[in-house]
Structures are given as structure tokens and as C-alpha cells.
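Reviewing the structure listed below.
Nothing in this text is a laboratory measurement; each read-out follows from the coordinates by a stated rule. These numbers were taken from a predicted model, which means no experiment stands behind them. Cβ coordinates were reconstructed from backbone atoms using ideal geometry, including for glycine residues, and neighbour counts include every protein chain displayed.
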Amino acid sequence: MQKPIVVIGAGMVGVSTAIWLQRAGQRVILMDRGKPGMGASYGNAGLIAQWAVVPVNTPSLWKDTPKYLINPNSPLFLKWTHLPKMLPWIAKFMSNANAADAQRMVDNLIPILTDAVDQHKSLVRDTPLEHWITNSKFSYAYPTHADFKHDAYSWDMKRHAGFTPTVLTGKDVQDAEPILGPATGCLAVLEGQGHITNPAQYITEVVAHFTAQGGEFLEAEVQDFTKSNGRITQIETAIGPIECTHAVITAGIWSKDLMRKLGLSIPLETERGYHVIYKNPSQMPDDPMMIAKGKFAVNPMDMGLRCAGTVELGDHHAGPSKQPIKLLKRYAAEVFPALEYSETEEWMGFRPSTPNSTPLIGEIGDTGIFTGFGHQHVGLTAGPKTGRILAQMITGDAPNIDLTPYAPARYLR
Ligand SMILES: Cc1cc2nc3c(=O)[nH]c(=O)nc-3n(C[C@H](O)[C@H](O)[C@H](O)COP(=O)(O)OP(=O)(O)OC[C@H]3O[C@@H](n4cnc5c(N)ncnc54)[C@H](O)[C@@H]3O)c2cc1C
């Protein structure tokens, strides 16, 4: 029997890679130590955020960070106990927060983000899963028009990527989204976007489709790699070794631990994020939104109204903090003053982030081991395109974009 390609990690990036490899006629084993879609891909905001080309580390971060860290109402948090360990990453991350590097990061993100709705549709085309991709508008909600204008850098970059908003003010705001109270005085609306109403269920069903088409899903932890003459020959797992021709590391933040098994130290840290679900809400927005002041997104989902966002720099072994959840709830109460609900559910997840906010997509030298991680705030969005690119690289089909910015080689010197 043909030896398989093993894809490690069944989040949005891994399942997309497995599907595209399967479509290219490869034998694929998709592995996860748990059920599919239970990592960062579980609780994200569900936005197919094709406009989200502006990373967190833009030039304004230098003046915003000190304010944010001392202001308890700001959406940026730091787990101070992790600071010493994280300092080298923070230094690199901040060093990229200048005009030239920010422009480079935006230009790196454009090719993997801006056609994401079409990429998700391609992933599920001609399958029973097409209903998962919901067409929608997407709005940024600001307290005032002046706040929208204050966000000019970010909107210039979005326009550069092809996304120009229609701006609503006054009564038009509440006419467009009646759930919004008077704390929102300006909406910047993007047409032609998309979202997912239950990311974990979407991923679970993509994996079920993959196995129905002959793919294999194994629930087991990958522990190590065995190479011969510099090339991967087998994966060591909790249920024994698995021979393979190639391996793809799509393990989100935990890719850092797997890279360490290969003797490679990658500057990958987590921007921890949180969600609150308001169950049985009395109101829902028609379309997803970003509440700009609180830096969280709101998505009308199957299980309720999900508010997801905030950034807490910290580590991926520590449990959740209370402050980000409190903040989400406070801002949600401010912008949705009439919202009633039966109960809330809370969650924390680990965005996997590199210092230049650009994922690692490519082969590690000539090892047959590929990387597909580091998608920070946009892994749900960029997963299908990343998976397609990885499948093309592995099967020798040249993708039609310049892959240099994503090459893992930048961290392997
Ligand atoms: C609050 C929040 C809101 C967000 N909102 C959005 C959004 O609206 N849109 C968007 O595009 N992105 C969003 N993101 C970011 C997005 O969720 C992530 O970028 C994305 O989920 C990363 O996907 P992944 O497949 O790389 O990793 P993950 O989904 O984390 O999957 C990694 C998988 O690897 C498995 N694994 C790890 N180690 C091993 C091992 N040794 N052996 C076997 N399996 C292993 C894990 O169990 C896990 O299932 C958000 C993130 C957060 C936290």
C-alpha cells in the first residue's frame, strides 16, 4: 500500500491541507490528539476575515502599548509571569511595528486572505457542506465618526487590499443594526463578505467528509519524528510509529513544541483570545461586526451570540484570566444595552503568532516535513488557501504566488 502523507493537527489549517491532498490523489492520514476542531479553531469569532490584512504590530503600537497596559479597560493584556520568557518574541514583534515592515506584513497577508470566501467555497464545493459558508456583510462599529477617521491607517491598508467601506452615521446606524444602542454612532460596512456559524462543527463535518472519501483520521498524539538520510520516514505517536512519505505540521501554537523535537526553535508565541456566548439572546445582529473600541467581533451563531476577541500575551500552558472576559462582557453590555439572554459560556484559545505576523508555509529544508502554522488572528480565514498551497507544494504543482515571505527558512538559520 502507498505510504501516506501525515498531517498533524486537525484545526482549520490541517483539515484543509488533508482535503486538498486527498483531492490531489494522495493517501492521507490526519492526526490529532483530540477530536477535530478543538484547538484555536474551536472558539474563534467565525469570521472569514478577508479584509483583516492589518496585523497587530503596526507603527501605532509603540504609542498604544504603554497606554493599553496600564488601562484596565483596554483590550490588550499581558500575563506578567510569562514576560521574561516572552521578551525576545515581544522585542522582535515590536521591532516590526514600523511603516516599512507593517507594509510588508500587509502585503504578505493579502495573497492568503483576500479571496478567502471563495477559498472556503472551493473547499466545500460539491459536498453536503456548502451551507456552512454564509454570505454576509461585515461592519466595524465605532462610537463616533471621529473614531472611524482615527482608524485611517487601518482603512488605508484595507483599501489597498481592495476593501472600501460604506460609512453610516446617525439614525442609519440603528436602522442597519437595531441591536446597537446609542454607544455606536458610526458603522463602516463592507459588502460581499462571509462567516461561519459554528467553526468547530464545520471542521468536524469537513473531517467526516474526508474520511467518507477514504481519508483516515487518527486520534493520537504525535511525539517525535524519525528521519533517514535527512528525510522523514516515520512519525512516532502515542499509538506507535507510522511510516510516511511526508509530514505536515499544522498544530497551531503546539507546532512550536513539535518543531523543538526537530531541534528547531521557532519564535512562535500566543496571543491568547477569549469568547463569551450569550445563549438564547433576545436580539441578534443581522451580520457579524467588529466592536472597534473593545477590539472584539460579534457573530450571530447557531449556539447564540458570540463575542470573541481581546489579546492577552501569555503562554499556552496557563489557564484563563478573568479580566479579558470581564472586559468583553462590559463592552457587550455597553453596545447592546437591550440584550437579554439565558446564560453565558466562556472560552479561551491560543492564536499562534510569529513576530512578523506571517505564517510559516513551506518545507523545512529538503526533509519532506512541511509547516503550516503561525496564522495569528486569521487562521480560520486563511486555512483553506494555506492547505491548498501546501498540497500543491507537496505534489509538485507550483502555486501561482510568491511563497518566499512564508518560507520557514527565515527562522531556520
Ligand atoms: C478569540 C479568537 C477569535 C478568533 N477569531 C478569528 C476569526 O474570526 N477568523 C479567523 O480567521 N481567525 C480567528 N482566530 C484565529 C484562529 O482561530 C486561529 O488562527 C486558527 O484557529 C489556527 O488554526 P490551526 O489549524 O493553525 O490551529 P488549531 O485550531 O489550534 O489546531 C491545532 C490542532 O493541533 C492539535 N495538536 C497539537 N499538538 C499535537 C500533537 N502533538 N499531536 C497531534 N495533534 C496535536 C491540537 O489538538 C489542535 O486540534 C481567532 C482566535 C481567537 C483565539
Using unit Cβ charges (K, R positive; D, E negative) and no other charged atoms, how large, in debye to the nearest 20, is the dipole of segment 97-256 about its Cα centre? 380
Tell me, what HN-Hα J-couplings in whole Hz come from the Karplus equation 6.51 cos²θ - 1.76 cosθ + 1.60 at θ = phi - 60° for each residue of segment 290-302, using x for Gly and Pro? 10, 8, 4, 5, x, 6, 9, 9, 10, 9, x, 10, 4
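Based on other C-beta atoms within 10 Å, arrange LYS385, LYS256, LYS92 from fewest to most. If you can, show how the numbers build up before the last one.
On the way: LYS385 27, LYS256 21, LYS92 15.
With the sparsest Cβ surroundings first, the list reads LYS92, LYS256, LYS385.
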One computes Rg over Rh for the chain from alpha-carbon atoms, with the Kirkwood Rh, and obtains 0.96
Theoretical ellipticity at 222 nm over the chain - DSSP helices of four or more residues, -39500 (n - 2.57) apiece, nearest 500: -9500 deg cm²/dmol
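Show me 400-409, 190-199 ranked by packing, highest mean number of other Cβ atoms within 10 Å first. Present the calculation step by step, with values, prior to reporting the outcome.
On the way: 400-409: 14.9, 190-199: 20.2.
Result, highest mean first: 190-199, 400-409.
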Which helices pass in the chain if a helix is a full DSSP H run, must span at least 15 angstrom along its long axis by Cα, and must have mean Kyte-Doolittle hydropathy not below -1.0? 12-23, 83-95, 99-113, 199-212, 323-335, 379-394
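Quick one, can you get me the convex hull of the C-alpha atoms of segment 234-317 expressed as volume per residue in Å³?
Numbers: hull volume 14.9 nm³, N = 84.
In segment 234-317, the Cα hull volume divided by residue count equals 177 Å³.
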Which GluC sites (Glu not before Pro) does segment 333-396 hold that lie in a coil by DSSP with at most 14 other beta carbons within 10 Å? GLU340
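State, as an integer percentage, the relative contact order of segment 290-413 based on alpha-carbon contacts under 8 Å between residues 6 or more apart.
With pairs under 8 Å counted, the relative contact order is 17 percent.
Counting pairwise Cα distances across segment 317-413, what percent come out greater than 24 angstrom? Each step should come with its number before you reach the end.
Working: 2055 of 4656 pairs.
So the pairs more than 24 Å apart make up 44 percent of the total in segment 317-413.
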Show the residues, 5+ positions off or on another chain, whose built amide H is closer than 5 Å to the amide H of ARG351. GLU271, ARG272, GLY273
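Evaluate segment 1-126: find the radius of gyration of its Cα atoms, find its Kirkwood radius, and give the ratio Rg to Rh. Please list the in-between numbers first.
On the way: Rg = 19.0 Å, Rh = 17.9 Å.
Using only Cα positions, Rg/Rh for segment 1-126 is 1.06.
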Around GLY194, with a cut-off of 13 angstrom between Cβ atoms, what is the net charge of the other residues, counting Lys and Arg +1 and Asp and Glu -1? -3
Can you give me the relative contact order of the chain as a percent, contacts being Cα pairs under 8 Å and 6 or more apart? 26
Relative contact order of segment 1-124 (C-alpha contacts under 8 Å, at least 6 apart) in percent is 27
Applied in sequence order to segment 137-148, the curve 6.51 cos²θ - 1.76 cosθ + 1.60 (Karplus, θ = phi - 60°) yields integer Hz couplings, x standing for Gly and Pro, of 8, 9, 10, 9, 9, 10, x, 9, 5, 4, 5, 4
